[in-house]
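Structure, as C-alpha cells:
The values are calculated or read from the model by the stated rules, or taken from the named source; none is laboratory data. What you see is a predicted model; the values in this text were computed from it and never measured. Reconstructed Cβ throughout: ideal geometry from the backbone, glycine too, with neighbour counts over all protein chains shown.
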Number of protein chains: 2
Amino acid sequence: MQKQVSIGLLGFGVVGSGVVKMIENHREELSQKLGCDVTVKHILVRDKEKQRDLPLHSPKLTTDPAEVLNDPDIDIIVEVMGGIEEARKHIRHALQNKKHVVTANKDLIALHGQELLEVASENHCDLFYEASVGGGIPVLRGLTDGLISDRIQEVMGIVNGTTNYILTKMDEDHVSFDKALGDAQNLGFAEADPTADIEGLDAARKMAILSRLAFSMNVELDDVETSGITDIALKDLEYGNQLGYVMKLIGFAKKENGSIEISVQPTFFDKKHPLAGVKNEYNAVYIKGEAVGETMFYGPGAGSMPTATAVVSDIMAVVKNMLLGITGKSNLIAGLDKEITPDERRFAKFYVRLHVKDKAGVFASISQLFHDKEISFERIIQRPASKNQLAEVILVTHQTSLANFQTTLEQLQEMESLESIQSYYRVEGVEKND
Amino acid sequence: MQKQVSIGLLGFGVVGSGVVKMIENHREELSQKLGCDVTVKHILVRDKEKQRDLPLHSPKLTTDPAEVLNDPDIDIIVEVMGGIEEARKHIRHALQNKKHVVTANKDLIALHGQELLEVASENHCDLFYEASVGGGIPVLRGLTDGLISDRIQEVMGIVNGTTNYILTKMDEDHVSFDKALGDAQNLGFAEADPTADIEGLDAARKMAILSRLAFSMNVELDDVETSGITDIALKDLEYGNQLGYVMKLIGFAKKENGSIEISVQPTFFDKKHPLAGVKNEYNAVYIKGEAVGETMFYGPGAGSMPTATAVVSDIMAVVKNMLLGITGKSNLIAGLDKEITPDERRFAKFYVRLHVKDKAGVFASISQLFHDKEISFERIIQRPASKNQLAEVILVTHQTSLANFQTTLEQLQEMESLESIQSYYRVEGVEKND
C-alpha cells in the first residue's frame, strides 16, 4: 500500500496558502486517519521571487504549469488558481496524466463541470469540488452522501456572503445599498469590482452546481434566471420589516413533475424561516427532500481556512479512494434529461409596491384587475406617498404563476390611475417551520 | 459483482415501516445509484398476525430473531426495534455471522457503541448509526467525512425535539411547563412517559455519541453532566427575553488543551446566535472547528420518514462498501485517552435570579461578594419582588469558572440579606455571529 501521497498545487494565493498551512499543521492527524503521509511537493506560482511562508520540507516552486502537471511523483492536483480557460486546460491535462483533481473553482465547475467529470471518469480519476459552494460547509457531500437515499425537491441557498453582508447592514443599520457596499469593501467582504457578487452571477454559478447534484440534470448557467441586489430600496426593507419579512438574495431551485426551475433573486423571507436568521457574511443551504423534510446546512461561505478545510476534506476523500483502489467511481455525472419549468408553472407569492393617484375608486380598479386575473391578496398596506397626490400601495399576493403575475403587471402599467410600479419581489418561507 | 443485497429488519414499528416504504418507493433509483438491487427479505415482528401494509414482494415475517440473524441470504441487519439488552445481543450475533449492521438505536450506541464497533471491525463488518442523532440530519457523516480534515473544538446541539417544542411554546405562548408538556403530548411530540426527554437523558445519549466522534475519545453517559427543563419558570424566560436571550436545552461539548467537558442543560442563548432560531420540534447541531469556524446542521430530529432517510443512507453506504470490498474499515473507534475538564477549568457566563431583602446596603454586600470572587457583572436588573419587602435581582456575569461560580453561590446562600437563589443558567452565544 502506498505510504506517501504527493500534491501539486496550482496557485498559491489565499486558499492555496490555507491548504498548505492546514496540511502542515495536521500532518500527524492526517497520517493517522489515512495511514499514509500527504505532502505538498510542487507549487505553480506567478512569481518565484515573492517572499512567502513555506513549510519546512520546502515544496518546489515553479512558474511552468507543465512541470507540475507532468511531475510523475504527483498523485493529486489541487487547483486554486481561479479563472476559467487556463484552469480548464490544466485540469484536463492533469486528468489525462491520470492525476486526481480537487478544485475550489466554482466559475469553472459551473461552466464546464459536466465535461471535466466525464474526462475524470474516462481516466479513472476523482474530480472533487466541495469548496466551490458554501466554502467550509460540507453541503455537496451532504447532498451526495447524507441525503443520497432521498428525492430532493427544493434547494434554497444564501450562497453569496458579500450580498448577504450588504443586505444585513441595510436592514439592521438602515443604510443605503451604496453605503453598505462601501463598508463591505472596506472590511474585505466585497471586492473592488463587486459586479459578479451584487448582480447575482456568483450565486447563479453556485446554484448551477448545487442543482446539478440535487436533480441529476446538466444544469447550465443560462438555465438560472438571475437578478441582483443593486436596485433594492431601503423603503422596501422597511415595509418588509412591517410585514414580518426579511430580504435575502436567494438561489432557488425546485423540481416538480420532472421539470426544474432555478433562479437567483432578491426574495422576502418570513422572519420565522431558518434562512431569515442567516446574517452578515454567513451562507446557508436549505434542502427539502421528499422523505427527510427540511434540512439546512449553515456556515462560513468563504475565507482562507474554511475553504481550505473543504479542499483538504476532498484531498482526504481522494486519498481514501486511492488506498481502496476505487478512484473515478464517485464522480456524479448528471444523467437525467433536463426540462425547464415554464413561467406558467412557476408558482409563488409576490410583494408589489405601487404608486397610484390618490383619488376615489383607484384601489377598487386595481383590485378588480387582480381579481380578474384570479390573484387574491394576503396583505395590503396603503399610505400617502411622499409626492403630492399619490398614494403608496403595498400588496402581498397569494400563490399565482409567474406568467400570470407578469401579465397582470403589464396590464397594471397601462392603467390610467397607476403612476408607477416601484418594485416587486417574490415572498417565500411563510408557512414553513411555524 | 453482487447484483442483489438482502436486508433483515429487526422491528417493524414507525421507523421500520418507513424504511420498508422508502426502499420500495425508491427501488429503481437505488438500483441505478448502486448498480444492484436492495430488498427487505426478512422481518422480525412481535405479532405475526397483525394487519400491515407489506410491500409487493412480501418479505417473510417471523417472531424468532434467530431466523433473521442466521438467514444465510441476509447481508445487512437493520435494527429498529429499540431497547438495549436484546438489541445488543442481536447486533453482536449479526456481526459474528458477518452481517453488516445499521441501527437507529441511540440508547444502545450511547451505552455500548464502542464495544459493538470493535466487534464489527473484528468481523470486517460495517456498523453505521446516522439515525441515532438528529433523525434525518446527516450530522454524523458531516462530522466524520465533511469536517474530517479539521480539529473540532466545540459541538453544541439542540438534539431533543420534545424539549425544544416545549420551550418554544413556553416562550412564544407564555404558558407554563406543565401546559406546554400536555400540549406536546396531545400533538404526539412527547411520549406518555416523557421522563427521558424532559430530564435531559435522551439529549445526553446523543451528546455522548456526537462527542465520541468529534473528539475521538470513548465518552460514556456518566461523563455528561445532565439537567432537564422541568424546573424552568416562565419568569426566567421573560427576563431572558428582556436581556435578548432565548432558553434552549443545549448539549454542550468542548475540547480544550486535550481535555473535554460535556453537559446537557437549559442555557440562555443570545437571540442573534443561529441556535436561538431553531424552534418547535426541530433539531440543530452547531460545530466549531479550528479551521472551518462555525457551521450548523439543521433539520427534523425525529419522525418516521426523516429517520428512515438516515437509515437508508447508511444502508447505501454499506452496499457501496460491499461492492468495493472495503467493509469494516469505516468504523470510527474512539482511540484517544479520555480526560475530563474539571470545574475549575470550565468557563462560562451565568444568569442568576435572586430574592433579597429590600433594604439599604444589600446590593452593595452582594456585589462585594462577587467582587471578592473576581466575578464582574455584564448586566443587572433589580425589581421589587411580588412578596413584600423583597427585591428581585437578576445578574449576568462575565466569564468565570464553574467551580468559582458554585463557591460564590454557596457563600451567597449564607448571607443574612439573601432570601433565596431562585434560579441560575449558563449564558452562551453572546459574542458570536454578530
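Brief remarks on what is shown
- Some residue of segment A:99-106 being within 12 Å of the chain's Cα centre (by Cα) and either away from chain B (no Cβ under 14 Å) or on the phi > 0 side of the Ramachandran plot (or both): yes
- For beta carbons closer than 8 Å, sequence separation of 6+ or different chains, a first residue in segment B:257-282 that is more than 8 Å from every other protein chain (Cβ to nearest Cβ) and within 25 Å of residue B:304 (Cα to Cα) and a second that is surrounded by fewer than 21 Cβ atoms within 10 Å (Cβ to Cβ) and modelled with pLDDT under 95, the qualifying pairs are B:281/B:302.
- Screening segment B:24-42 for residues that are closer than 22 Å to residue B:63 by Cβ and in contact with a helix residue (DSSP H, G or I) (Cβ under 7 Å, 6 or more places away or on another chain) and picking the one that is surrounded by the most Cβ atoms within 10 Å (Cβ to Cβ) gives B:40.
- Condition met for residue A:341 (of a type outside the set (Lys, Arg), within 14 Å of chain B (Cβ to nearest Cβ) and at negative phi): no
- Breaking point among (1) part of a helix (DSSP H, G or I); (2) within 27 Å of residue B:346 (Cβ to Cβ); (3) within 11 Å of another protein chain (Cβ to nearest Cβ); (4) acidic (Asp, Glu), for residue B:145: (2)
- Within segment B:336-387, the set of residues being of a type in the set (Gly, Ala, Ser) and over 22 Å from the mean Cα position of the chain (by Cα) comprises B:360, B:361, B:364, B:365, B:367, B:376, B:385, B:386.
- Those residues of segment B:230-286 which are closer than 23 Å to residue B:298 by Cβ and of a type in the set (S, T, N, Q), in sequence order: B:241, B:263, B:265, B:267, B:280, B:283
- Subset of segment B:115-142 [buried (at least 23 other Cβ atoms within 10 Å of the Cβ) and not in a helix (DSSP H, G or I)]: B:125, B:126, B:127, B:128, B:129, B:133, B:134, B:135, B:136, B:137, B:138
- Scan segment A:260-274 for residues that are surrounded by fewer than 20 Cβ atoms within 10 Å (Cβ to Cβ) and among the hydroxyl-bearing types (Ser, Thr, Tyr) and the total you get is 0.
- The one condition in (1) touching a residue at least 40 places away in the same chain (Cβ under 8 Å); (2) within 14 Å of another protein chain (Cβ to nearest Cβ); (3) not aliphatic (A, V, I, L, M) that residue B:163 fails to fulfil: (2)
- Within segment B:373-397, the residues that satisfy the criterion of being basic (Lys, Arg) and more than 13 Å from residue B:359 (Cα to Cα) are B:373, B:379, B:387.
- Listed conditions (1) surrounded by fewer than 19 Cβ atoms within 10 Å (Cβ to Cβ); (2) out of contact with any strand residue (DSSP E or B) (no Cβ under 9 Å at 6 or more places or on another chain); (3) touching a residue at least 12 places away in the same chain (Cβ under 8 Å); (4) on the phi < 0 side of the Ramachandran plot are all met by residue A:18, apart from (1).
- Residue count for segment B:356-413 satisfying the condition of being surrounded by 13 or more Cβ atoms within 10 Å (Cβ to Cβ) and either on the phi > 0 side of the Ramachandran plot or among the hydrophobic types (A, V, I, L, M, F, W, C) (or both): 21.
- In segment B:291-329, of all residues being facing chain A (nearest Cβ under 9 Å) and in a loop (DSSP other than H, G, I, E, B), the one that is surrounded by the fewest Cβ atoms within 10 Å (Cβ to Cβ) corresponds to B:325.
- Checking residue B:261 against (1) under 30 Å from residue A:25 (Cα atoms); (2) in contact with a helix residue (DSSP H, G or I) (Cβ under 6 Å, 6 or more places away or on another chain), the condition it does not meet: (2)
- As for segment B:173-180, it holds at least one residue that is out of contact with any Ser or Thr (no Cβ under 6 Å at 6 or more places or on another chain), within 14 Å of chain A (Cβ to nearest Cβ) and without any contact (Cβ under 8 Å) to a residue 12 or more places away in the chain.
- Hey, residue B:117 touching a Gly at 6+ places or on another chain (Cβ under 7 Å) and either closer than 27 Å to residue A:30 by Cβ or in the same structural domain as residue B:203 (by TED's automatic domain parsing) (or both) or not: no
- With respect to (1) within 9 Å of another protein chain (Cβ to nearest Cβ); (2) in contact (Cβ under 8 Å) with a residue 24 or more places away in the chain; (3) not β-branched (Val, Ile, Thr), the lone exception for residue B:359 is condition (1).
- A count restricted to segment B:216-259 and to residues that are surrounded by 19 or more Cβ atoms within 10 Å (Cβ to Cβ), under 20 Å from the mean Cα position of the chain (by Cα) and of a type in the set (Asp, Glu) stands at 1.
- Matching residues, segment B:77-86, being of a type in the set (A, V, I, L, M, F, W, C) and surrounded by fewer than 24 Cβ atoms within 10 Å (Cβ to Cβ): B:81, B:84
- Near pairs, Cβ below 8 angstrom, 6+ apart or cross-chain, from segment B:42-60 (touching a residue at least 12 places away in the same chain (Cβ under 8 Å)) to any residue that is aromatic (Phe, Trp, Tyr): B:43/B:12; B:44/B:12; B:45/B:12; B:52/B:12
- Checked against (1) modelled with pLDDT under 95; (2) surrounded by 13 or more Cβ atoms within 10 Å (Cβ to Cβ); (3) among the charged types (D, E, K, R), residue B:346 passes all but condition (1).
- The condition of being without any contact (Cβ under 8 Å) to a residue 24 or more places away in the chain and either more than 14 Å from chain B (Cβ to nearest Cβ) or within 30 Å of residue B:298 (Cα to Cα) (or both) holds for residue A:367.
- Filter result (in contact with a Phe, Trp or Tyr (Cβ under 9 Å, 6 or more places away or on another chain) and surrounded by 21 or more Cβ atoms within 10 Å (Cβ to Cβ)) within segment B:280-290: B:281, B:282, B:283, B:284, B:285, B:286, B:287
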